[in-house]
């Protein structure tokens, strides 16, 4: 029976819904809601069912009854299905955000099914108290191996606590140039040490969240700060992180320069060693050789002649 319900619901979702049988109802979180389905008294063995279809889940059986008068009641802590005068009623006590979805009233007569009506129930949660999410990018490009700290400032109205039972949850995502979807990086909770309130004006309240890591060349991309609150997720403007890596031309130039300097240094050392060797050799020979003694007057006379 469940497989048949799934098949019929998928067929129904693939076609346009008759406006006469389709209605939309919006209620706030925590409110009570009552959905009705017309019930025509019949002696035939017909039954009515309430089926709920929520995105990402299998169809849920909420309750059933006969078309003829019947006193049976299906009741859970917060959902009740029962008969009313000429109607089959579905009541939800203190709705939750997870109650949003399509509610189908289906009439079954043996193997025949008929969608009596369809209601799209939208549960509206409280508006977030966040005024702005600010991300400031680093001033200079980073290099591989450098420690980097990204900050996210969340400004909220301290007097407008629409979700007092919930704290802000902060998530960091990175969208690289070669990725089609952002990848989850880090989750951070709320801490009173990270928040400060202006004593003169009680709003806005500023909470600063940080994300630190030692970067590599593959960490380049845009980092987004996302804040989950009141059943919603709000994203910051993003911080672009540039990683400066030496290119091949710089590496080749540096290697060539190093090679030339090394070669010049080696050549200089060889020349210096050769000169020192020759100087020592010449000094040795000069110290042991006998040189003729010339008379200065004789040389002067020869030059005079």
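Here's the yes/no breakdown for (1) in a helix (DSSP H, G or I); (2) at pLDDT 70 or above; (3) under 33 Å from the mean Cα position of the chain (by Cα):
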site: 237; (1), (2), (3): no, yes, yes
site: 246; (1), (2), (3): no, no, yes
site: 260; (1), (2), (3): yes, yes, no
site: 265; (1), (2), (3): yes, yes, no
site: 270; (1), (2), (3): yes, yes, no
site: 279; (1), (2), (3): yes, yes, no
site: 284; (1), (2), (3): yes, no, no
site: 290; (1), (2), (3): no, no, no
Open item on the list: Step by step: first the residues of region 148-168, then only those that are at pLDDT 80 or above and surrounded by 12 or more Cβ atoms within 10 Å (Cβ to Cβ), then the one that is farthest from residue 243 (Cα to Cα). Which residue is that?
Closed with: 156
Task: Of the criteria (1) modelled with pLDDT of 80 or more; (2) buried (at least 17 other Cβ atoms within 10 Å of the Cβ), which one residue 182 fails - done: (1)
Task: region 187-225, residues that are within 27 Å of residue 141 (Cα to Cα) and modelled with pLDDT under 75 - done: 188, 194
Open item on the list: When you scan region 32-44, do you find a residue that is within 17 Å of residue 120 (Cα to Cα), loosely packed, with under 12 Cβ neighbours inside 10 Å and in the same structural domain as residue 111 (by TED's automatic domain parsing), even just one?
Closed with: yes
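Yes/no matrix, rows are residues, columns are (1) surrounded by fewer than 18 Cβ atoms within 10 Å (Cβ to Cβ); (2) over 23 Å from residue 32 (Cβ atoms); (3) free of Cβ contacts under 8 Å to residues at least 60 places away in the same chain:
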position	(1), (2), (3)
80	yes, no, yes
84	yes, no, yes
97	yes, no, no
144	yes, yes, no
TODO: Spot the failing condition for residue 57; the list is (1) surrounded by 13 or more Cβ atoms within 10 Å (Cβ to Cβ); (2) modelled with pLDDT of 80 or more, and only one is missed.
DONE: (1)
Task: Count of residues meeting criterion [in contact with a helix residue (DSSP H, G or I) (Cβ under 8 Å, 6 or more places away or on another chain) and either assigned to a strand (DSSP E or B) or not assigned by TED's automatic domain parsing to the domain that holds residue 170 (or both)] in region 211-235 - done: 1
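Is it the case that residue 16 is at pLDDT 50 or above and either outside any strand (DSSP E or B) or under 35 Å from the mean Cα position of the chain (by Cα) (or both)?
For residue 16, the condition - at pLDDT 50 or above and either outside any strand (DSSP E or B) or under 35 Å from the mean Cα position of the chain (by Cα) (or both) - is not met.
The values are calculated or read from the model by the stated rules, or taken from the named source; none is laboratory data. Computed from a prediction, not measured in an experiment: that's the story for all the values here. Cβ coordinates were reconstructed from backbone atoms using ideal geometry, including for glycine residues, and neighbour counts include every protein chain displayed.
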